[in-house]
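The next block holds one structure in the form of structure tokens; read it before the comments.
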Amino acid sequence: MKTKLWLVTIALIAVFALAACSPTALSEVMAAAPARDQVPAAISAPAANTTGSALGSVSDLEQTLQQIYQRVNPSVVAIQVVGQTSATSAIPFFGDNGQELPQIPQQGLGSGFVWDQDGHLVTNNHVVDGAAKIWVTFADGTIVPATLVGADPDSDLAVIKVNLPADQLQPVKVADSTQVKVGQLAVALGNPFGNENTMTVGFVSAIGRSIPADGGTTGVSYTIPDVIQTDAPINPGNSGGVLVDDQGQLMGVTSQIDSPVRASVGIGFVIPSNIVQQVVPELIKSGHYDHSWLGVSGGSLIPDLATAMNLPSDQRGALVNRVTADSPADKAGLRGSDQPTTLNGQSVNVGGDVIIAIEGQPVKTFDDLVAYLVRSTRVNQTVTLTILRDGQQQDIKVTLEARPSSQTRQQQVTEQQPAPRRDSTAGQPWLGIQGLSITPDIVDTLELSSNQRGVLVEAVRSNSPAEQAGLQGGTKSITLGGQEVMIGGDVITAINGQAVTSMDALLGILQQSEVGQKVTLSVVRDGKQLEVTATLAARPANP
């Protein structure tokens, strides 16, 4: 038996090497449980292999993949968008007479798939965000215009509609993503780099991941839970496409990649089908989706934090770092962390409430809390949180509200997680902060000098150059001009002696720098001037 499996592995490597599939992964397909060795019931089985040879097993797999492609490819579309660049982000062009020329339309490519025979198609929000025109190309070459029906930046999903007869529309069949297992065959279909009708093959690498929500151009405020990770090659242009199982059924929507080179390195992230089924019908019905909102930010309680709070080192839960003003959590009396301490050389705040259960369901990590809110709650629902406060357990009832619209943060410009449509910046020098230009209101609130200029650091991205340099983000949420602002963080006033007067100025300096370059940041912290050194990294990429 072992000899046969090795022969299967060698044959698979030889057949699929040019397709850039993992030899190890392919050998695992053939070594899987007997149920997975069978061709899926939803796809007609190939002729039986009577020889029992490795070559026969490879042939069976090839036929299975071919039939998946034949079944699913007619449902997958290529999306081309044309959008007018915004005045704040466009580079102006000038004619010979010095007059500014009209902005050139911005074009982008992505993927999508047929949801129903009424003409609704699903894609990523970041594919169609800001589009003035949308064109859809089907597998048979049909090209038609589409209109935007609804979009939800917080799940990075959008629905567009085409006007075609029902018999020309083949909806994707949807699987239950809660049943997805690590090691399961995963097949991605989309249009990487504009190459239409492309299929790639791999496996489910992990489940239960969390990724930043798109958040449009105003920055990332929330995360998407229960995300599927796959090594099936996903590249720019795959966004909005499908990841299907061996039955040809939708496991999720391909959304992001983790790569320093703006191409697949085998780490792709997929929005699970259960979130798709939850959000898409509401987008079709009303054009938007209301997520339930608690109004806290924080992290998972780890042994060092637990010990610092005089809790057992094995205590787990979601530590509340900040409570947003006037949020459901604030109204219910939840408390954030306000006791500074030093852990592993880093300054952190502890002492906040630790959420250990919601509606009786254990919360061991902050992701557990986010996942439950997304999966199991609705706006205006009252939930019971079980918390630890000063070491004592108690229950608190909270009535959830709708998440604030991303439009309430238009004032904020982010560098924490670039919008995926801005892929042209991938690989450029990156600091890793979420910041806000200092305004007169902020000057007054922070009691700064009246002529103070710079960038207020609201948040520092994990594992970024800013975090490694020890930059500090905001610790308190306030509302200024009807917008939520995190205050208490560092104020960046210069980079290598060059004045930073705004977020645009900071980004401009970074664009003139190089990846790996060490820069000296002049900052104001707690009213004192100091300098910190950071080594710039390459900005992460998204498809």
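Summary table
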{"quantity": "Residue that is surrounded by 13 or more Cβ atoms within 10 Å (Cβ to Cβ), at pLDDT below 75 and under 24 Å from the mean Cα position of the chain (by Cα), where the choices are A466, A541, A459", "calculated": "A541"}
{"quantity": "Out of P225, P328, P272, P303, sole residue that is crowded, with 19+ Cβ neighbours inside 10 Å, of a type outside the set (S, T, Y) and more than 19 Å from the chain's Cα centre (by Cα)", "calculated": "P328"}
{"quantity": "Matching residues in the stretch 333-369 - criterion: being in a strand (DSSP E or B), modelled with pLDDT of 95 or more and surrounded by 15 or more Cβ atoms within 10 Å (Cβ to Cβ)", "calculated": "V354, I355, I356, A357, I358"}
{"quantity": "Selection status of L471, more than 30 Å from T254 (Cα to Cα), at pLDDT 85 or above and either hydrophobic (A, V, I, L, M, F, W, C) or in a strand (DSSP E or B) (or both)", "calculated": "yes"}
{"quantity": "Number of the exception - G266 against (1) buried (at least 18 other Cβ atoms within 10 Å of the Cβ); (2) not in a loop (DSSP other than H, G, I, E, B)", "calculated": "(2)"}
{"quantity": "Matching option when the condition is of a type in the set (D, E, K, R), touching a Pro at 6+ places or on another chain (Cβ under 9 Å) and within 28 Å of I487 (Cα to Cα), among D326, D367, D330", "calculated": "D367"}
{"quantity": "Selection from the stretch 495-531 of residues that are buried (at least 18 other Cβ atoms within 10 Å of the Cβ) and assigned to a strand (DSSP E or B)", "calculated": "I495, V519, L521, S522, V523, V524"}
{"quantity": "The listed residue being under 18 Å from V244 (Cβ atoms), among the hydrophobic types (A, V, I, L, M, F, W, C) and in a strand (DSSP E or B), out of V136, V182, V172, V122", "calculated": "V122"}
{"quantity": "P281 modelled with pLDDT of 95 or more, farther than 18 Å from A213 by Cβ and surrounded by fewer than 16 Cβ atoms within 10 Å (Cβ to Cβ)", "calculated": "yes"}
{"quantity": "Top-ranked residue in the stretch 89-139 [being at pLDDT 95 or above and exposed (fewer than 15 other Cβ atoms within 10 Å of the Cβ); ranked as nearest to K285 (Cα to Cα)]", "calculated": "D118"}
{"quantity": "Residue within the stretch 370-387 that is of a type in the set (D, E, K, R), at negative phi and either surrounded by fewer than 19 Cβ atoms within 10 Å (Cβ to Cβ) or in the same structural domain as G474 (by TED's automatic domain parsing) (or both) present", "calculated": "yes"}
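The values are calculated or read from the model by the stated rules, or taken from the named source; none is laboratory data. Remember, predicted model here, so these are calculated numbers, not experimental data. As a convention, Cβ positions derive from the backbone with ideal geometry for all residues, glycine included, and neighbour counts pool all protein chains shown.
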